1. Work through the residues other than residue 274 whose Cβ is under 10 Å from its Cβ and net out their charges, Lys, Arg +1 and Asp, Glu -1.
2. Excluding residue 378 itself, what net charge comes from residues whose Cβ is under 12 Å from its Cβ, given Lys and Arg +1 and Asp and Glu -1?
3. Kindly rank 229-239, 19-29, 124-134 from highest to lowest mean number of other beta carbons found within 10 Å of each residue.
4. Taking a quarter of the surface of the convex hull around the Cα atoms of the stretch 149-243, what do you get in nm²?
5. Kirkwood hydrodynamic radius (Cα pairs, Å) of the stretch 89-141?
6. Most fluctuating residue of 120, 321, 344 in a GNM of the chain with Cα springs under 10 Å: which is it?
7. Translational diffusion coefficient of the stretch 314-410 at 4 °C, 1.567 mPa s, Stokes-Einstein with Kirkwood Rh over Cα pairs, in µm²/s as a whole number.
8. Name the residue, out of 254, 226, 197, whose mean-square fluctuation peaks in a Gaussian network model built on the chain with Cα pairs under 10 Å.
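The values are calculated or read from the model by the stated rules, or taken from the named source; none is laboratory data. Small disclaimer: the values here were computed from a predicted structure and weren't measured. Cβ atoms come from the backbone with ideal geometry, glycine included; neighbour counts cover every protein chain shown. The area values use the complete protein model at the heavy-atom level, side chains included, leaving out ligands, DNA and RNA. Shrake-Rupley method; radii C 1.70, N 1.55, O 1.52, S 1.80 Å.
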Amino acid sequence: MMIEVNGRQYAKPENPVVVVCVDGSEPGYIEEAVKTGDAPFFAKVIEGGTNRLAKCVVPSFTNPNNLSIVTGRPPEVHGICGNFFYDTESDSEIMMNDPSLLRVPTIFKAFQDAGAKVAVITAKDKLRRLLGNGLTMKKAEACSFSSEKSDQCTLDEHGIEGVNALVGMDVPSVYSAELSEFVFAAGVKIMERDRPDLMYLSTTDYIQHKHAPGTPVANAFYIMMDKYLGQLDAMGCTIIITADHGMNAKHKADGQPDVIFLQDVLDEWYGKNRTRVICPITDPYVVHHGALGSYVTAYLPEDLSRDEVLDRIRAMDGIEVALTREDACSRFQLPQDRVGDIVVVSNQNKVLGTSADRHDLSQLKEPLRSHGGISEQNVPLMSNKVTDLPDDAALRNFDAFFVGLNHTKI
Ligand code: ZN
Ligand code: ZN
């Protein structure tokens, strides 16, 4: 039986398909953990399964990519292109975590309508309503909840209750590795209990923002993950592992963040606040990245030539591309109505901010690692069971469900 979702056809699976979005999982983290000898599941995947690279969506941020993965399409289709967009009509910055801003149904919704059981678990609650949009919550058939608010789950709103007792863990701190561990632990318990047809597990990049691949804390995080994924593997699940984006060091030799404060630059060139720079990475949980990423968009007054502004920005050190809205939307598959007049992407080791006084960097305890740019576009696409992907397939992370559902050989 095939199920159509947003113009793509997906097979209803015999055995459960689990897609894991490991937030900020730059290629190398998993391979380094395998080298310790303590990650047998990942070792098996690399040895006999599929281990490929895929491209994520730019801006390489969490929400646009999670929504791309669960709808199977890029932001020009689903509408979520950052954590924030600027609404010119109301002159306000609007947070894109409200389901009303999502323009198409998710794969979960379509599968539930076709009689499948689904389970959606995310670390931070900010994604929960978007990912669970359209689902009719029902015990043992459809649930969507977060580790962060796991103690507040009700059957009506989340399709599950008593999560902490089921998992055997209290609510973890929002800034911890345990917030992600909870996602996996809950996934294993729900797989044992309900055996959903589709499961989605989405973590947070708290560890990846602070610890590079191969470092002890990063290895411990992936070894933890390996243990739970090994249990899902033993239950016969097809597992697809991908990431919402990669992660790179974005600091100078002295450990200070390497930032271009673009609002300050444009204010100096054209006068204070004549332009408006939006950092779509900004969210209520900024401690680990200081709201600094490698992608910003800016709105310009009508009397300012976009070409002139773009030429001046392109001449600056550390800029990877500076594009008009039209060029950026066509290149990155973004919705025109939620992107500014220009888009600026910094290179691998630089980040972009608004004004220096609008970023609180005092909470950054480690040298900055972040994402958002083209330089964080490579992510893993791995599977324990899929082994027949064509060598030349140009993969996107939002092909994860397609690959898991349509290319499984058991
Ligand atoms: Zn992320
Ligand atoms: Zn992040």
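1. On the way: positive: 272, 276; negative: 267, 303.
Residues near residue 274 contribute 0 overall.
2. Working: positive: 52, 55, 396; negative: 26, 376.
Summing Lys and Arg as +1 and Asp and Glu as -1 gives +1.
3. On the way: 229-239: 19.4, 19-29: 24.0, 124-134: 21.4.
So the peptides 229-239, 19-29, 124-134, ranked by packing, come out 19-29, 124-134, 229-239.
4. Working: hull surface 26.1 nm².
Seen from a random direction, the Cα hull of the stretch 149-243 projects 6.5 nm² on average.
5. Values: mean 1/r = 0.0798 Å⁻¹.
So the Kirkwood estimate lands at 12.5 Å.
6. It is 321.
7. Numbers: Rh = 16.9 Å.
Once the numbers are plugged in, D ends up at 77 µm²/s.
8. Answer for the Gaussian network model of the chain: 254.
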